[in-house]
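Chemist: I am attaching a structure below and will ask some questions about it afterwards.
None of the figures in this text is laboratory data; all of them are computed from the coordinates on show. Everything numeric in this text was worked out from a predicted model, so none of it was measured. Because the Cβ atoms are built from the backbone with ideal geometry, glycine has one as well, and the counts that use them run over all protein chains shown.
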Amino acid sequence: MDICVRDVRFRYACATQCAVSGVTFTVRAGEKVALVGASGCGKSTLLRLIAGLERPSYGVIAIGGHIVADARTFVPAERRGIGYVFQDYALFPHMTVAQNIVFGLRSWGKHQKQQRCDELLSLISLEAYARAYPHELSGGQQQRVALARALAPQPAALLLDEPFSNLDAALHEEIRAQLAHMLSRARVTTICVTHDESDTIGLADRVLHLSGCAIVEPVRAALHAVGRA
Amino acid sequence: MGSWQVQSNRWLASHAWFLPACGIVIVLVLPHVALVWRAVEAYSASGLQLVGHMWQLMVINTTGLLVVVGVATACIGVVLAWLLVAYTFPGATVYRVALLLPLAIPPYIGAYTYHGITQYTGVVQTTLRSWGIAVAPGTLDMMTFSGAAFVFTVFLFPYVYSVCYVFLGTRCAHVIESARTLGVGGVALFLRIVVPICRLALFSGVGVVVLEVLNDYGVVHYYGIVTFTSAVVTLWVGIGDVSGAIALALCGMGIALALVFAEQGLRGRRQYRIAAAKQRVLRRRALHGWRGVLASLACAVLVLFGFVVPVAQLIAWAWQMHVPSAWDALRDALGHSLLVSGCGAVLIVVCSVMIANAARWHRGRVGVLLTRCALFGYAMPGAVVAVGVLAIVIPLEDAMHDVLVFFGADVAHGRWLSATLVMLVYGLVVRYIGVGMQAVDAGFVRIGKTYAEASRALGLTVTQTFWRVDAPLMRRALWIAALLCAVDLMKELPLSLLLQPYNFTTLATEVFYDVRDERIYDAALASLWMIVLSVIGMLLVHAMTRQEQKGE
């Protein structure tokens, strides 16, 4: 589903400056977009606004043609149906990998849950770890579980917050390739936030630059187009 | 020769903290060792027979109280913590602090206050009679098992609430938010995520509650409920059966240790520690309409029962007291309390710093062993510690006397330890060093080791580093530790009852004797003093903790 952000502004309580001021952009259904900008420019806040974890002080956010946040309406995170992969993954420490993955499938039947879980475990190639606890996995494996958990309820869109910040530099290339592969198989609208533009190669169809908390300028990433041609 | 001296100096310098710390820990562990030793040595049939008669009742009452109060405080504590962390509603800012106030009232004061309120001549029944409503005798009786459970719950739940509040407020935002993005909110979120991840905090809070209930003597004595601690004190003071008391105290040690290890066994492979990249504070949502009113009411009821009602009754009683004769006793008790808790708190902080700093530089098993051994006393009921202290101090006095006589000194057999404050303060330090250790350790963890390592790399010794780097950075943490200990020491009852010198009462024991003699009005004034001092101490700790958190 497409995501539409119109002139969104946001200020944290007790902050003097806006974390996000007047951002406008649209992501079409099925598109993969990377949001790039220096640290502290409000990228993560923008993702939190789209996910419904924060309420914008001004502006409109629409998902799939439905307004989820404006001056009057506010749909909270638990009713937006958007997958979110946190920077530190936030896997539930008291649940196994399988329990984490099926956590969002509340109204599903037992059999369906099992089936979906198996599907996702094979997508992230961690079939052998269904009964492991999060702290028993490596950082890259934890990230894949977080991705599977976010994808499990078939969300309208997937948001990734700095997916490479907590990983070993040596594994960087490999994990980026894996992530790109998994995302292309999952076929879901994706917004990925990162501070390093080179991370977006292969991950995103389009790169948006966020600068000075203000306007997102769409930049055709010719590089990517060439790369895929 | 010269090189040997240099070497030995260096060895001493590098162990300047370790050796004294070992010495302190040994002195702190001695009472427990003495207890086991004496129990093996002396074995009295009469004591065991007596215990046998009380056994069933004692076990049922003690476990019953532990389970009921543990479950009740756990439920109340975690629900309140979640409400106040995740939501805003009318009065929430006030309740965040006000819900800590019940801790300022020791349960034994609450016990006699509630009995006074609900008895035949109490304010509830008189008011009802004036409205023409007759209350059947026994319906409002507080002096029962459920009355005691109510008193413990209402005055001890803040232990659970405060631990869960801090944990949820500072370390769980990401986990809770990620559950929300997966479509889980409201009650389901609370039951499936909040309660399980709170588990560690919940256990440590309930652990403190359980230890407090096990430790209590005042409530169960006044309400006439035979429990483990009341049996120990009865055997020791009432019947003078030393070995019986020791045998029973040993059982208490077993119970306390079993409780500590049970949780570790239950945890299994799961992990509850949350490693978060950035610690974000959870965004609070507003509770509107009837939900907000309900949440506000729930908090109000607990603040009322846990603080406002008993304090109002105590003020009313103190107002009615006309006899000035009690003033002298009260003034003495107040002075004694301040003296004992002041000395005890300072000693505890000094010992805690010695042990914690030694353990910090001696990584590995020895360091862990040092801290574990020191914490041992905190798991023990006060009566057990007291019996252990007596078991070590009295033979020590006898031995000293024998030695002096052997060398021809003509001295009377003086009780130069047991008849002075030394024994009381020693017992209090053994029992409460855990409180100080936790606060001091938290301070060391907060400042980290890098500053100190930088200082040592620049050529300063551990001791110089402590005075020049650690101590200034830890100043607030040390104050918090001292205040926390002082408040706890002031409220302590069973240990003080057993170890205080003759003709020496603290506020706590003064209240106990007054209540025992049914001098409720005298007790009210002493109680109020204690509550006022506790509230001041707690508010100071609260303010300093917040400053410390902001200072990061």
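Chemist: Applying a 10 Å radius around every beta-carbon, put B:370-377, B:109-116 in order of their mean neighbour count, most first. Intermediate results must be reported in sequence, preceding the final value.
Modeler: Numbers: B:370-377: 19.5, B:109-116: 25.5.
Result, highest mean first: B:109-116, B:370-377.
Chemist: What is the calculated FRET efficiency for residue B:59 to residue B:463, with r their C-beta to C-beta distance and R₀ = 41 Å, to the nearest 0.05? Present the calculation step by step, with values, prior to reporting the outcome.
Modeler: On the way: r = 50 Å, r/R0 = 1.22.
The calculated FRET efficiency here is 0.25.
Chemist: Then there's this: In nanometres, what is the gap between the two model label sites at residue B:283 and residue A:125, each 7 Å from Cα along Cα-to-Cβ?
Modeler: 3.7 nm
Chemist: To continue, here is another question. Evaluate peptide B:195-205: per residue, the Cβ atoms of other protein chains within 10 Å of its Cβ; return the mean as an integer.
Modeler: Mean partner-chain Cβ count within 10 Å for B:195-205: 1.
Chemist: Of B:432, B:469, B:420, whose Cα points farthest to the positive end of the dipole of the stretch B:409-552 (charges on the beta-carbon: +1 Lys, Arg; -1 Asp, Glu; origin at the Cα centre)?
Modeler: Of the candidates, B:469 comes out farthest on the positive side.
Chemist: How big is the convex hull of the Cα atoms of the stretch B:408-507, per residue, in Å³? Don't jump to the answer; show the numbers that get you there.
Modeler: Details: hull volume 14.3 nm³, N = 100.
Per-residue hull volume (Cα only) is 143 Å³.
Chemist: Right, next: Over chain B, what is the relative contact order in percent, taking alpha-carbon pairs closer than 8 angstrom and at least six residues apart?
Modeler: Numbers: 675 pairs, mean separation 126.4, N = 552.
That works out to 23 percent.
Chemist: Same structure, new question: Per the Cauchy relation, a quarter of the hull surface: what is the mean projected area of the convex hull of the alpha carbons in chain B, in nm²? Intermediate values should be presented prior to the final figure.
Modeler: On the way: hull surface 130.9 nm².
In nm², the orientation-averaged hull projection of chain B is 32.7.
Chemist: While we're on this one: Taking the Cα centre of chain B as origin and charging only Cβ (+1 Lys, Arg; -1 Asp, Glu), how large is the dipole, in debye to the nearest 20? Show your work: numbers first, answer last.
Modeler: Numbers: 36 positive and 25 negative charges, 634 e Å.
Charge dipole, chain B, about its Cα centre: 3040 debye, nearest 20.
Chemist: Per residue and in Å³, how big is the convex hull formed by the alpha-carbon atoms of chain A?
Modeler: Details: hull volume 30.0 nm³, N = 229.
Each residue corresponds to 131 Å³ of Cα convex hull volume.
Chemist: Can you compute the modelled spin-label distance between residue B:549 and residue A:55, with each label point 7 Å from Cα toward Cβ, in nm?
Modeler: Rounded to a tenth, the inter-label distance reads 2.3 nm.
Chemist: Can you list the aspartates and glutamates whose alpha carbon is less than 12 Å from that of residue A:32, not counting same-chain residues fewer than 8 positions off?
Modeler: A:2, A:205
Chemist: To the nearest 20 Debye, how big is the dipole of the stretch B:73-212 about its Cα centre, given +1 on the beta carbon of each Lys and Arg and -1 on that of each Asp and Glu? Walk me through the numbers on the way to the answer.
Modeler: Working: 6 positive and 3 negative charges, 60 e Å.
Magnitude of the dipole: close to 280 debye.
Chemist: OK, next. Using a Förster distance of 51 angstrom, determine the FRET efficiency expected from the C-beta separation of residue B:316 and residue B:372, and round it to 0.05.
Modeler: On the way: r = 47 Å, r/R0 = 0.92.
Computed FRET efficiency for residue B:316 and residue B:372 comes out at 0.60.
Chemist: To continue, here is another question. Taking 7 Å along the Cα-to-C-beta vector as the label spot, tell me the residue A:106-residue B:513 distance in nanometres, rounded to one decimal.
Modeler: 6.1 nm
Chemist: Please compute, for peptide B:282-290, the average count of beta-carbon atoms on other protein chains lying within 10 Å of each residue's beta-carbon. Numbers along the way, then the final one.
Modeler: On the way: counts 1, 6, 1, 2, 0, 0, 0, 0, 0.
If you average over the peptide's residues, the count of other-chain Cβ atoms is 1.
Chemist: Which of the aspartates and glutamates could be linked to residue A:113 by a straight reach, that is with a Cα gap under 20 Å, when you skip same-chain ones fewer than 8 residues away?
Modeler: A:78, A:127
Chemist: Here is a follow-up. Helix hunt in chain B: which complete DSSP H runs extend at least 24 Å axially by C-alpha with mean Kyte-Doolittle at least 1.6?
Modeler: On the way: long enough: B:18-41 (33 Å, 1.85); B:45-86 (58 Å, 1.72); B:145-171 (38 Å, 1.40); B:242-267 (39 Å, 1.56); B:326-361 (52 Å, 1.12); B:382-406 (36 Å, 1.82); B:421-447 (36 Å, 1.47); B:471-491 (30 Å, 1.15); B:520-550 (44 Å, 0.89).
Membrane-span-like by this criterion, though nothing is claimed about a membrane: B:18-41, B:45-86, B:382-406.
Chemist: Can you give the calculated 222 nm mean residue ellipticity of chain B, where each DSSP H run of n ≥ 4 adds -39,500 (n - 2.57) and the sum is split over every residue, rounded to the nearest 500 deg cm²/dmol?
Modeler: Dividing the helical sum by the residues of chain B leaves -24500 deg cm²/dmol.
Chemist: Another question, then. Ignore the peptide's own chain and count Cβ atoms of other chains within 10 Å of each Cβ in B:169-178; give me the average, rounded.
Modeler: Neighbouring Cβ atoms belonging to other protein chains average 5 per residue here.
Chemist: Give, to the nearest whole percent, the P(r) tail of the stretch B:344-389 beyond 16 angstrom, counting all Cα pairs. Mind showing how you got there, number by number?
Modeler: Working: 491 of 1035 pairs.
Percent of Cα pairs beyond 16 Å in the stretch B:344-389: 47.
Chemist: What are the extents of the Cα atoms of the stretch B:328-552 along their three principal axes, listed from largest to smallest and rounded to whole Å?
Modeler: Ordered largest first, the stretch B:328-552 gives principal extents of 59, 53, 26 Å.
Chemist: Grab the eigenvalues of the alpha-carbon gyration tensor for the stretch A:92-154, scale each by 5, take roots, and send me the semi-axes largest first in whole angstrom.
Modeler: On the way: eigenvalues 63, 27, 20 Å².
Ellipsoid semi-axes (Å, largest first): 18, 12, 10.
Chemist: Going by how many other beta carbons lie within 10 Å of each one, how would you line up A:110, A:32, fewest first?
Modeler: A:110, A:32
Chemist: What ranking of A:173, A:78 emerges when the number of other C-beta atoms within 10 Å of each C-beta is taken as an exposure proxy, fewest first?
Modeler: Details: A:173 9, A:78 19.
Ordered by Cβ neighbours within 10 Å, fewest first: A:173, A:78.
Chemist: Take the protein assembly as shown, compute every pairwise Cα distance, and split them into 10 Å bins from 0; I just need the percent in each bin.
Modeler: Percent of pairs per bin, in order: 2, 11, 19, 20, 17, 14, 9, 5, 2, 0, 0.
Chemist: Continuing with the same structure: Stick to Cα atoms and the Kirkwood definition of Rh, then tell me Rg/Rh for the stretch B:348-467. Write down the numbers at each step before the final one.
Modeler: Working: Rg = 19.2 Å, Rh = 17.0 Å.
In the stretch B:348-467, Rg relative to Rh is 1.13.
Chemist: Decide, for the stretch A:1-117, between rounded, prolate and oblate: order the square roots of the alpha carbon gyration tensor eigenvalues as a ≥ b ≥ c, take rounded if a/c falls under 1.5, and otherwise choose prolate if a/b is larger than b/c, else oblate. Mind showing how you got there, number by number?
Modeler: Values: a/c = 2.07, a/b = 1.68, b/c = 1.23.
In terms of gyration-tensor shape, prolate.
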